[in-house]
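Worksheet for the structure shown next.
The values are calculated or read from the model by the stated rules, or taken from the named source; none is laboratory data. Please read these numbers as outputs of a predicted model, since none were measured by experiment. All Cβ positions, glycine included, derive from the backbone under ideal geometry; neighbour counts span all protein chains shown. In case anyone asks, the SASA skips ligands and DNA or RNA and just uses the protein heavy atoms, side chains included. Shrake-Rupley method; radii C 1.70, N 1.55, O 1.52, S 1.80 Å.
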Amino acid sequence: MVSFEIFWAPGYACGMNLLPFGRLPAYKPRNFVPQNIDLGDWSQIAPLFDQLETRAAGCKTAAELERWLLDWSELTAALDEESSRRYIAMTCHTDNPDAEKAYLHFVENVEPQLKPRQFALENIYVALPQRRELPQQRFQVFDRDVKNHVELFRPENVPLETEETRLSQQYQKLTGSLTVRFHGEEKTLVQMSRYLEEPDRPLRQEAWELVAKRRLQEAEKFDDIFDRQIKLRQQIARNAGFENYRDYAFRKLGRFDYTPQDCAEFHDAVEKEVMPVVRELQARRRAQLKLEKLRPWDLAVDPLNRPPLKPFAQVDEMVSRTQKIFDRLDGELASGFQQMQQLRLLDLDNRKAKAPGGYQQTLAEARVPFIFMNAVGLQRDVETILHESGHAFHALAAREDDLHAYRGAPIEFCEVASMSMELLGNEFIEEFYPTDKAGARCRATPDAQQRVPTSDANRARRVHLEGVVGVFPWIGTVDAFQHWIYTHPNHTHPERTAAWVELMERFGGDVDWSGHEAARANLWHRQLHVFVVPFYYIEYGIAQLGALQVWSNSKRDKAKALGDYKRALALGGSRPLAELFQAAGCQFEFSAKTIQPIAKMLREELEKL
Ligand SMILES: [Zn+2]
């Protein structure tokens, strides 16, 4: 049984119960890491790495090597959890200097020492002849990933990567520093985004234009940062023996299961199959807003000028209604969410001294998930709790695996777990909109398309599905742009702009940008991934295709679809991506063959709402 002692670890902010869940026991007793070790003190950690290095040489059989791998895994999990605990404590108490100090201590004094020691163990492992005698099916993915990491390493890339990180920080600093004066007040660009939901059109336009103008003032700086990043990345790729950075990035990101060609097929299929749905949605929006043309500032506002949905007032309500959704969906998942409440693994309310945003973090040794959110009573919060619960179910399902590396899956599949839960959970969204009988709370509008009043539950579903449809073209744009950039590394600025504008033509739909051509040509400056985590974006499109297939399967046979979903989650990261998708009942394929029926389903579902 789990006890609720006050969390205390030596060297940590002493005795303060900063973690809502207190001290959680390890899922399995430690075998290698001493019970009373201070994992914030490098001098206590280093001897464990020494021991592992020495012991590796003595591994004569595959069984001994397996034992060694499990001990290494135990140490990694303990350190991972230590880092998570400190991170969680800090984000839950941003006003507590001890919590901040404890986190920074780990980041500054433990992590930099840790990285080279972990890498040394990876090198030792790859050089061990016994690794070929390990059970193939069991260790194939682990072995492949470690080998890949070791093979890509080049000492001469270390300073280049440091420089790359510095440029990324420069991008983030520049983006974060931008403010505008709006109606006499200084506002950040994030604060300005809420005006795009403003029913007053001239106000929306004013806000949008102000932000666009502000960004354009920095266009040269964004371009300059990117030019230097491209050059560095090209060099990093060449040092590692690759012809271009695209091919290097595919290896670096562990993309063993799909190729640049598959991505190109995804772009084509989105253009051919999804864009017609996007255009239909845009036409509907245009009609509802009674506009001749949609302008860039008309895309986020509620087209019927309704006040925001109010799914709940208190966070307790959000939790109990989410619980009811899971109760109706699946007994096993429902009991997982119940367990998280009992163990106090949810910190969901928006309060002072809490970091912004939301995340799910797994406590790697206790093998339980923790969800952090700042819920304020919006429909977006409901989507977030369903999404993060999907990640949490993944962590719970994969907890039996003793290899730490296998308790997490690649992002392409992690997001299938979470995005599926949004779609499956939305089936029971009436739990949040109980007065929905015959559309009692709905507003009819004189518009012909709206003669049938829309219930709040359906309105929530529609907003969600329109978001799902709308994200595909943007993913296509951002991904195709990066493929072009890194296969044309010597391009000029006008060529780059032309490549981007061509993609905006392909994937932008019917939006009138006239008078704002420069803003359109530089729109990619906004996309953090292009600068900070290159090529990391299509993962969300791949995962969404998986999630939509899980949802589609559930419409035919709910029990089987959920059974497959849970079985796939339980595999963690122990199998290649394609097998994880197959286990979940999905095709791992992203051409028109997969996307066409999905686009058809989306259109049909939207018609019902
Ligand atoms: Zn996610």
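Report the full-extension gain for the segment residue 560 to residue 145: residue separation times 0.36 nm, less the Cα-Cα distance, to one decimal in nm.
Extra length available between residue 560 and residue 145 comes to 146.2 nm.
Run down the lysines and flag those whose C-alpha is under 17 Å from the C-alpha of residue 231, throwing out any fewer than 8 positions away in its chain.
Excluding near neighbours in sequence, the set is 221.
For the pair residue 256 and residue 593, what calculated FRET efficiency results from E = 1/(1 + (r/R0)^6), where r is the Cβ-Cβ distance and R0 = 25 Å, to the nearest 0.05?
Here the calculated transfer efficiency is 0.70.
Could you go through segment 259-274 in sequence order and give the Karplus-derived ³J(HN,Hα) for each residue, using 6.51 cos²θ - 1.76 cosθ + 1.60 with θ = phi - 60°, rounded to whole Hz, and x for Gly and Pro?
Karplus-based 3J(HN,Hα) across segment 259-274 equals 10, x, 4, 4, 5, 4, 5, 4, 4, 4, 5, 5, 4, 7, 9, 8 Hz.
With the full set of protein chains in place, find how many percent of the accessible area of the chain is carbon and sulfur; take the probe as 1.4 Å.
52
Antiparallel DSSP bridges in the chain: what percent, to the nearest 5?
70
Label points 7 Å out from Cα along the Cβ direction at residue 342 and residue 533: separation in nm?
Each label point lies 7 Å from its Cα, and together they span 3.4 nm.
Hey, which lysines would be in cross-link range of residue 115, C-alpha to C-alpha under 18 Å, not counting anything within fewer than 8 residues on its own chain?
147, 252
First check a/c for segment 59-214, with a ≥ b ≥ c the square roots of the eigenvalues of its C-alpha gyration tensor; if it is under 1.5, answer rounded, and if not, answer prolate when a/b is larger than b/c or oblate otherwise.
Prolate is the answer for segment 59-214, as a/c is 1.5 or above and a/b outweighs b/c.
Over segment 252-380, what number does the Rg to Rh ratio reach, with both radii from the alpha-carbon atoms and Rh per Kirkwood?
1.09
Find how much the distance from residue 105 to residue 177 grows on full extension, using 0.36 nm per residue of separation minus their present alpha carbon separation; answer in nm with one decimal.
23.2 nm
Among 434, 470, 395, pick out the residue whose Cα is farthest towards the positive end of the charge dipole of the chain, where Lys and Arg carry +1 and Asp and Glu carry -1 on C-beta, about the Cα centre.
Positive-end residue among those listed: 434.
With just the Cα atoms defining each centre, how far is segment 41-85 from segment 232-307? Give it in Å.
Between the Cα centres of segment 41-85 and segment 232-307 lies a distance of 42 Å.
Quick one: which of 396-405, 515-524, 195-204 comes out on top by average Cβ neighbours within 10 Å, and what's the full order, highest first?
Highest mean packing first, the order is 396-405, 515-524, 195-204.
Out of residues 5 or more away from residue 366 or on other chains, whose amide H comes under 5 Å of its own, with H placed 1.01 Å from N in the peptide plane?
27
So for segment 445-587, what are the equivalent ellipsoid semi-axes in whole Å, largest first, each being the square root of 5 times an eigenvalue of the Cα gyration tensor?
Equivalent-ellipsoid dimensions as semi-axes: 34, 27, 10 Å.
With charges only on Cβ, +1 for K and R and -1 for D and E, what is the dipole size of the chain about its Cα centre, in debye, rounded to 20?
It works out to roughly 1000 debye.
Under 1.5 on a/c is rounded, so check that first for segment 264-318, then, if it is not, pick prolate when a/b is larger than b/c and oblate when it is not; a ≥ b ≥ c are the square roots of the alpha carbon gyration tensor eigenvalues.
oblate
Roughly how many Å² is the accessible area per residue of the chain, as a whole number, for a 1.4 Å probe?
Here the residues of the chain average 45 Å² of exposed surface.
Residue by residue through segment 153-158, what is 3J(HN,Hα) from phi via Karplus (6.51 cos²θ - 1.76 cosθ + 1.60, θ = phi - 60°)? Round to whole Hz and write x for glycine and proline.
5, 9, x, 5, 7, 4
With the Cα gyration tensor of the chain giving a ≥ b ≥ c as the square roots of its eigenvalues, does the rule (a/c under 1.5 for rounded; else a/b larger than b/c for prolate; else oblate) give rounded, prolate or oblate?
Prolate is the answer for the chain, as a/c is 1.5 or above and a/b outweighs b/c.
Order the peptides 457-465, 329-337 from the highest to the lowest mean number of other Cβ atoms within 10 Å of their residues.
For the peptides 457-465, 329-337, the packing ranking is 457-465, 329-337.
Going toward the positive end of the dipole of the chain, with +1 on Lys and Arg Cβ and -1 on Asp and Glu Cβ, which of 299, 137, 322 do you reach last?
In the chain, that residue is 299.
Taking Cα pairs under 8 Å and at least six residues apart, what relative contact order does the chain come out at, in percent?
Here the relative contact order equals 17 percent.
So what is log10(I(q)/I(0)) for segment 363-416 at q = 0.14, 0.18, 0.22 1/Å, when the Debye sum runs over its Cα atoms only?
Summing over Cα pairs of segment 363-416 leads to -0.42, -0.64, -0.84.
Find how many whole Å separate the alpha carbon centroid of segment 559-609 from the alpha carbon centroid of segment 108-146.
Cα centroid to Cα centroid, the span is 32 Å.
Among the aspartates and glutamates, select those whose C-alpha is under 16 Å from the C-alpha of residue 593, and discard any that sit fewer than 8 residues away in the same chain.
Answer for residue 593, where 16 Å is the Cα cut-off: 262, 265, 268, 271, 273, listed by chain and number.
Using a Förster distance of 25 Å, how high is the FRET efficiency between residue 188 and residue 378, based on the Cβ-Cβ distance and rounded to 0.05?
Step by step, r from the Cβ atoms, then E = 0.80.
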